[in-house]
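The values are calculated or read from the model by the stated rules, or taken from the named source; none is laboratory data. Predicted model, so just to flag it, every value in this text is computed and none were measured. Note: ideal-geometry Cβ built from the backbone for every residue, glycine included; neighbour counts use all protein chains shown. Heads up: the accessible areas ignore ligands, DNA and RNA and are worked out on the full protein's heavy atoms, side chains in. Shrake-Rupley method; radii C 1.70, N 1.55, O 1.52, S 1.80 Å.
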Amino acid sequence: MTRLILGIETSCDDTSIAVVDEHGRVLSCKTASQVEVHEGYGGIYPEFASRAHVAAIIPTLKAVLSEVDISPQELSAIGVTRGPGLIGSLLVGLHTAMGLGAGWNVPVYGINHLRGHLRSAALEGGKVEYPAIVLLASGGHTLIAHMKSADEMELVGTTRDDSVGEAYDKVARMLDLGFPGGPVMDRIAKTGIANIRFPRPMLGKGYEFSFSGLKSSVRRYIETTPDMVVADVAASFVAACMEVLVSKCRAALAEYKPASLIVVGGVSASPQLRAAMGELCASTGTALALPPAEWSTDNGAMIAMACFDYLDRDAERNLEVDPNLPISRL
Ligand code: KG4
Ligand code: ZN
């Protein structure tokens, strides 16, 4: 019988629950977004995030269970994000999962959110070949890792300050475009011309990233240019981000010569990033593994997908919340 896992993700501002089978097919995934809760603040307000998870988690679970025709006892496991993320938000998901596991008599695994993003590329028939270079570009992280196999991971480089998603969000806020910034920046950037030369931080300097200087440079430009064209600012900012992300990945492909490049995390929903990575992989003969855009941002399906790895390797069932859990730990 095909194994099924229930995945629960509440690390930040999305309450997301899914049932996924062992082939990566998503039987159901429901996500309650908190955009309306936080949009007035221009970022995530942790206390409100926890409260919104409490309000949304049971209705979200019910919506998923009503869509999949199984009894909970048929689940092989429940996978729930245990970190990294906001502690109050993580606790809501974790304690809900523990209650369900005890009530249904189903084992519960605490899952590393970053491992979830990694495995999102295998959802809905996605093929991932190893060894691989991974670019994880999200609101919380920007990093490159080398994976010799699905189990062996070595961190190659990360950001010294802001993540690329955070930079998108902050620049969108400066331009009064709302929150989250990624999708709206993409859309507006497409209508503009990348004619402003913003800095490309850390370009040609190893695998470390830094996006805070780029963000400050955009702020200075906005403050000193009364007749600025918003679309051109967005296009120029996106072009700077793309050049940095692509050049670091190009260097990693040249050094590690992997079979595939995996691009995941919220920013991997960006059509500009998808196109740029497609060109890079075509020019180097590397397979490109991307999740379907809807599974790029946080979701319960990727947590369920990652949970199969924990189940298969009989990993310790760690249910401790860790807001700073590194990618190298399960
Ligand atoms: O992976 P994710 O949902 O949450 C974290 O784990 O951080 O990523 C959220 C980030 C936000 O910064 C958001 O602006 C960005 O991903 N994002 C995008 C797009 N959709 C979401 N960035 C660029 N283009 C998009 N289409
Ligand atoms: Zn995430």
TODO: Using only Cα atoms, tell me the angle between helix 46-67 and the longest principal axis of the chain; keep it within 0 to 90° and round to the nearest 10.
DONE: 60
Task: Candidate residues I193, I57: accessible-area rank, largest first, probe 1.4 Å - done: I193, I57
- [ ] Mind telling me which of G126, G204, G83 comes out most flexible in a GNM of the chain, alpha-carbon contacts under 10 Å?
- [x] G204
Open item on the list: With angles folded into 0 to 90 degrees, how steeply does helix 87-104 sit against the dominant principal axis of the chain? Use alpha carbons for both and round to 10.
Closed with: 20
Open item on the list: Can you say what percent of the DSSP beta bridges in the stretch 74-157, counting only those with both residues inside, are antiparallel? Round to 5.
Closed with: 65
Task: Protein accessible area in the stretch 129-291, 1.4 Å probe - carbon and sulfur % - done: 52
Task: Residues whose placed amide H lies under 5 Å from that of A289, excluding near-sequence neighbours - done: L261, I262, V263
Task: Residue among I58, I44, I133 with the largest mean-square fluctuation in a Gaussian network model of the chain, springs linking Cα atoms under 10 Å - done: I58
Task: Estimated distance in nm for a label pair at M98 and V54, the labels positioned 7 Å out from Cα along Cα-to-Cβ - done: 1.6
TODO: For W104, tell me the accessible area in Å² from a 1.4 Å probe, rounded to the nearest 10.
DONE: 40
Task: Shape of the stretch 204-330, Cα gyration tensor, a/c cut at 1.5 - done: prolate
Task: Sequence-distant lysines (8 or more away, or on other chains) whose Cα lies within less than 30 Å of K257 - done: K127, K148, K205, K248
- [ ] With r as the distance between the Cβ atoms of Y130 and V37 and R0 = 51 Å, compute the FRET efficiency 1/(1 + (r/R0)^6) and round to 0.05.
- [x] 0.85
- [ ] Whenever you get a sec, line up Y221, Y45 from highest to lowest accessible area (probe 1.4 Å, protein heavy atoms).
- [x] Y45, Y221
- [ ] Compute the acute angle (0 to 90°) between the alpha-carbon long axis of helix 164-174 and the principal axis of greatest extent of the alpha-carbon atoms of the chain; round to the nearest 10°.
- [x] 60
Task: Heavy-atom accessible area order for R119, R173, largest first, 1.4 Å probe - done: R173, R119
TODO: Have a look at the DSSP beta bridges in the chain and tell me what percent are antiparallel, nearest 5.
DONE: 55
Task: Added length on full extension, which subtracts the Cα-Cα distance from 0.36 nm per residue, E154 to I222 - done: 20.6 nm
Task: Choice from L90, L155, L118 showing the highest fluctuation, given a GNM over the chain with Cα pairs closer than 10 Å - done: L155
- [ ] Send over a whole-number figure in Å² for the accessible area per residue of the chain, probe 1.4 Å.
- [x] 41
- [ ] Using only the Cα atoms of the stretch 1-99, build the gyration tensor, take square roots of its eigenvalues as a ≥ b ≥ c, and label the shape rounded, prolate or oblate: rounded if a/c is under 1.5, else prolate if a/b is larger than b/c, else oblate.
- [x] prolate
TODO: Evaluate the distance, in nm, between pseudo-label points positioned 7 Å from the Cα of R187 and of E320 along their respective Cα→Cβ axes.
DONE: 4.4
Open item on the list: Report the gain in length on full extension from I87 to R3: 0.36 nm times residue separation, minus Cα-Cα distance, nm rounded to one decimal.
Closed with: 27.2 nm
Open item on the list: If I take R0 = 35 Å and measure r between the Cβ atoms of E67 and E208 in this structure, what FRET efficiency does the formula 1/(1 + (r/R0)^6) give, to the nearest 0.05?
Closed with: 0.20
TODO: Bin width 10 Å, alpha-carbon pairs only: give the P(r) of the stretch 129-291 as whole percents, running from 0 to the bin holding the largest distance.
DONE: 11, 42, 33, 12, 2, 0
TODO: Any chance you could list the semi-axes, whole Å, largest first, of the equivalent ellipsoid that the Cα gyration tensor gives for the chain, using √(5λ)?
DONE: 33, 23, 16
Task: Global form of the stretch 45-186, assessed from the alpha-carbon gyration tensor, a/c cut-off 1.5 - done: oblate
